[in-house]
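Colleague: What follows is a structure written as structure tokens; I'll ask about it next.
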Amino acid sequence: MAWDGGSVGTEAGDTAELARGWAAALASGAREQSVAPGAAAVIQLLTRLADGLDTAARQGDTQAAVALGAELARARFIDDEVLGRSVATLSAHFAAHGVDAAAVLGAFGTGYLRAFRAWLLAEQEGMRAAEIAARRAAEQRLRDSEARLRFHAHHDPLTGLANRSRFFDGLTVAFADSGALVGLCHIDLDGLESVNETLGHVLGDELLIQVAARVAALAGGERLAARTGGDEFAILVPDASGNAELAGLADAVLRALADPFEVHGQRLTMTAGIGVAAERAELTHPDELLQAADTALYWAKADGRGRWAMFDPERQQREQTRLDLVSELPGAVARGEFFLEYQPIVTLADHRPGAVEALVRWRHPEEGVLAPGRFIDLAEDSGHIGALGSEVLTMACRQARQWHDRLGAAAPVVSVNVSAAEVDDGDWLPRVQDTIADTGIPTWQLQLELTERTFMHTTGRPLQALRILADSGVRIAIDDFGTGYSNLAYLGRLPLHVVKLAGPFIQRIRTPGSAGRNDLLVLESIIGLSHALGLTVTAECVETRYQADRLLELGCDSAQGWLFHRPLAVERATEQLTAAASVAD
């Protein structure tokens, strides 16, 4: 493996020539090298490697040859023909000089292949790492993209709050815990439409953004704030501690909105209505909770601006019953489910009945007998009061005719309540006149009662209709006098016959201890002025002997109330009236 003892080896010029030949051999390869073999740096490298191999061959140093082969590979001579051309060139050189360099060249090849393999593995690992990094980066970009998508899919683009979709997702999650008390505040802004119309939608949108920020500040923790509509927001409380927490939250929302908003140089105030509902998840359904909050919001809005209301199942039941009664009213009139009871009106001097007030009742097939307080307002609000009032008037006039036929001049005046909606109806006067004509009662036997408030709003044609009836002999009474805001002088301009004192006035003189001097003076003034105007005075709700005695002392003409008679069925009222007539005879 070493040089022969008599050999002189290669000279420096020989290794330089070897380097140039080696470079030329590498350059003539079929494939382009990663490092240009003709470059000065390459010649310098190959010259140094040639020197090292020459020394290694002379000394038989295979380890040095391994290192030199590795250095060639690390210099990026990595084409698949590099090693073959290098060994061929080196072998020819050493053979020409009579050097047995087989072992050294083998070691050189081994070093080259080891380094080449290490490089190749490193390149492959680098490529694999780069591929993994690229894949991970792509996956992250995809996740990020799926996330500004999820955000946009679940958040309101204007305010950044959760949108309806996210809100309903949160509601579903909250109901997954069957034992949780799920709470909800449904917030509806007051007057946003007016802001948009007067100041523009840009300013309105900025106002919404500021409102949303205040609402979001009250959420926190597990609470979820969402914009559920144009001017509607909601705060979901997945596990509320109780109604007190929700009430406090609703109060906090109203306080947060109470501070003025500074929007584009404008100072704006904003109020809202809030519906609050809470229920155990196991006892209800998300849709039912939403409906409850909506119902409570309706109640809050009905009470005015800047209010909140808590859903009350019992109130809801009452509201539902009211709706049911409204829908049943027309059919009930047609089926004859309404009937009248009569409360005698007695003269205070002798307690004899000279008149009766007709009081309508509804014999409901399921609810039983309903007092007028359960359905009169419903009839007025729903537009059914005209049909009901006409039925009541017809029944009362028919009964009045029966009493007139039986008792003659001793027959009582029958007083019938009339609503403002009826009087405002242009067909009301002809109906009254037709009813009087059809039943054949004398006009003096019919008295129509209108509340003080009704009279205050009765002008023009309705007032003229009352004058026509009064001129025909029908008695007109102002009911509940003293509960409104009319002045006494107004009485002289109305077509009146009777003033009926309101129950609250009479309640103030229930006992000696409850009657104040001013109360008696007011009653005395009303009674005195009424008499001066040629009117008679009837007191309502008389329940004690003290009330009756004081009213008689003050000059009141007649009274009605439980002291004398409760409302009576027609048969019992007929007995009372017949008995009174026989005593008079």
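The values are calculated or read from the model by the stated rules, or taken from the named source; none is laboratory data. From a predicted model like this one, the values you see are computed outputs, not experimental measurements. Please note: Cβ atoms are built from the backbone with ideal geometry, for glycine as well, and neighbour counts cover all protein chains shown. The protein model used for the area step is the full one, side chains on, heavy atoms only, and it has no ligands, DNA or RNA in it. Shrake-Rupley method; radii C 1.70, N 1.55, O 1.52, S 1.80 Å.
Colleague: Here is a list of conditions, (1) more than 27 Å from residue 407 (Cβ to Cβ); (2) surrounded by fewer than 17 Cβ atoms within 10 Å (Cβ to Cβ); (3) over 49 Å from the mean Cα position of the chain (by Cα); (4) not acidic (Asp, Glu), and residue 453 meets all of them except one; can you say which number that is?
Modeller: Condition (3) is where residue 453 drops out.
Colleague: Here's a follow-up. Under 9 Å by Cβ, and 6 or more places apart or on different chains, what pairs join a residue from region 11-37 that is open to solvent by 50 Å² or more (accessible area, probe 1.4 Å) and of a type in the set (Lys, Arg) with one that is assigned to a loop (DSSP other than H, G, I, E, B) and at pLDDT 60 or above?
Modeller: Sorted first by the residue in region 11-37, then by its partner, the pairs are 31/79; 31/80; 31/81.
Colleague: Next question. Take the conditions within 30 Å of residue 203 (Cβ to Cβ) and either crowded, with 16+ Cβ neighbours inside 10 Å or without any contact (Cβ under 8 Å) to a residue 24 or more places away in the chain (or both) and apply them to residue 300. Does it pass?
Modeller: Values: within 30 Å of residue 203 (Cβ to Cβ): yes; either crowded, with 16+ Cβ neighbours inside 10 Å or without any contact (Cβ under 8 Å) to a residue 24 or more places away in the chain (or both): yes.
For residue 300, the condition - within 30 Å of residue 203 (Cβ to Cβ) and either crowded, with 16+ Cβ neighbours inside 10 Å or without any contact (Cβ under 8 Å) to a residue 24 or more places away in the chain (or both) - is met.
Colleague: Look through 138, 217, 133, 225 and report the one residue that is touching a helix residue (DSSP H, G or I) at 6+ places or on another chain (Cβ under 6 Å) and either hydrophobic (A, V, I, L, M, F, W, C) or open to solvent by 70 Å² or more (accessible area, probe 1.4 Å) (or both). Working first, answer last.
Modeller: Values: 138 fails: touching a helix residue (DSSP H, G or I) at 6+ places or on another chain (Cβ under 6 Å); 217 fails: touching a helix residue (DSSP H, G or I) at 6+ places or on another chain (Cβ under 6 Å); 133 fails: touching a helix residue (DSSP H, G or I) at 6+ places or on another chain (Cβ under 6 Å).
Every option except 225 fails the conditions.
Colleague: Can you say whether residue 109 is in contact with an Asp or Glu (Cβ under 9 Å, 6 or more places away or on another chain) and open to solvent by less than 60 Å² (accessible area, probe 1.4 Å), as far as the supplied structure shows?
Modeller: Working: in contact with an Asp or Glu (Cβ under 9 Å, 6 or more places away or on another chain): no; open to solvent by less than 60 Å² (accessible area, probe 1.4 Å): yes.
In short, no.
Colleague: Give just the number: which of (1) touching a strand residue (DSSP E or B) at 6+ places or on another chain (Cβ under 6 Å); (2) at pLDDT 95 or above; (3) under 30 Å from residue 398 (Cβ atoms); (4) not charged (D, E, K, R) does residue 478 not satisfy?
Modeller: (2)
Colleague: Taking residue 431, is it open to solvent by 10 Å² or more (accessible area, probe 1.4 Å) and either under 19 Å from residue 447 (Cα atoms) or without any contact (Cβ under 8 Å) to a residue 12 or more places away in the chain (or both)?
Modeller: Values: open to solvent by 10 Å² or more (accessible area, probe 1.4 Å): yes; either under 19 Å from residue 447 (Cα atoms) or without any contact (Cβ under 8 Å) to a residue 12 or more places away in the chain (or both): yes.
For residue 431, the condition - open to solvent by 10 Å² or more (accessible area, probe 1.4 Å) and either under 19 Å from residue 447 (Cα atoms) or without any contact (Cβ under 8 Å) to a residue 12 or more places away in the chain (or both) - is met.
Colleague: Restricting to region 414-438, give me the number of residues that are under 20 Å from residue 361 (Cα atoms) and in a loop (DSSP other than H, G, I, E, B).
Modeller: Final tally of qualifying residues: 2.
Colleague: Here's something else I'd like to know. Scan 495, 512 and give me the residue that is closer than 20 Å to residue 445 by Cβ, in contact with a helix residue (DSSP H, G or I) (Cβ under 7 Å, 6 or more places away or on another chain), touching a residue at least 12 places away in the same chain (Cβ under 8 Å) and in a loop (DSSP other than H, G, I, E, B).
Modeller: Details: 512 fails: closer than 20 Å to residue 445 by Cβ.
Exactly one of 495, 512 is closer than 20 Å to residue 445 by Cβ, in contact with a helix residue (DSSP H, G or I) (Cβ under 7 Å, 6 or more places away or on another chain), touching a residue at least 12 places away in the same chain (Cβ under 8 Å) and in a loop (DSSP other than H, G, I, E, B), namely 495.
Colleague: Check 561, 534 and return the single one that is under 57 Å from the mean Cα position of the chain (by Cα) and on the phi > 0 side of the Ramachandran plot. Let's see the steps before the verdict.
Modeller: Details: 534 fails: under 57 Å from the mean Cα position of the chain (by Cα).
Unique residue meeting the criteria: 561.
Colleague: Among the residues of region 372-384, write down those that are within 21 Å of residue 562 (Cα to Cα) and open to solvent by less than 50 Å² (accessible area, probe 1.4 Å).
Modeller: Result: 372, single match.
Colleague: In region 88-103, is there at least one residue being closer than 20 Å to residue 70 by Cα, in contact with a helix residue (DSSP H, G or I) (Cβ under 7 Å, 6 or more places away or on another chain) and modelled with pLDDT under 85?
Modeller: no
Colleague: Could you run through region 534-578 and say how many residues are open to solvent by 50 Å² or more (accessible area, probe 1.4 Å), part of a helix (DSSP H, G or I) and without any contact (Cβ under 8 Å) to a residue 40 or more places away in the chain?
Modeller: Adding up the residues that qualify gives 7.
Colleague: Can you tell me which residue is farthest from residue 320 (Cα to Cα) among those in region 356-371 that are open to solvent by less than 50 Å² (accessible area, probe 1.4 Å) and in contact with a helix residue (DSSP H, G or I) (Cβ under 9 Å, 6 or more places away or on another chain)?
Modeller: 356
Colleague: Also, I was wondering about something else. Looking only at residues that are in contact with an Asp or Glu (Cβ under 8 Å, 6 or more places away or on another chain) and small (Gly, Ala, Ser) in region 481-512, which one is modelled with the lowest pLDDT?
Modeller: Restricting to residues being in contact with an Asp or Glu (Cβ under 8 Å, 6 or more places away or on another chain) and small (Gly, Ala, Ser), the top hit is 486.
Colleague: For residues that are out of contact with any strand residue (DSSP E or B) (no Cβ under 6 Å at 6 or more places or on another chain) and surrounded by 15 or more Cβ atoms within 10 Å (Cβ to Cβ), scanning just region 331-351, find the one that is farthest from residue 447 (Cα to Cα).
Modeller: 332
Colleague: Which numbered condition in (1) open to solvent by less than 70 Å² (accessible area, probe 1.4 Å); (2) outside any loop (DSSP other than H, G, I, E, B); (3) at pLDDT 95 or above is the only one that residue 441 fails?
Modeller: Of the numbered conditions (1) open to solvent by less than 70 Å² (accessible area, probe 1.4 Å); (2) outside any loop (DSSP other than H, G, I, E, B); (3) at pLDDT 95 or above, the odd one out for residue 441 is (2).
Colleague: Please go through region 232-267 and pick out each residue that is under 21 Å from residue 205 (Cβ atoms), of a type in the set (Gly, Ala, Ser) and in contact with a Leu (Cβ under 7 Å, 6 or more places away or on another chain).
Modeller: Correct list: 234, 256.
Colleague: Tell me the residue from 335, 352 that is more than 30 Å from residue 545 (Cβ to Cβ) and of a type outside the set (Ser, Thr, Tyr), please.
Modeller: Working: 352 fails: more than 30 Å from residue 545 (Cβ to Cβ).
On inspection, the qualifying residue turns out to be 335.
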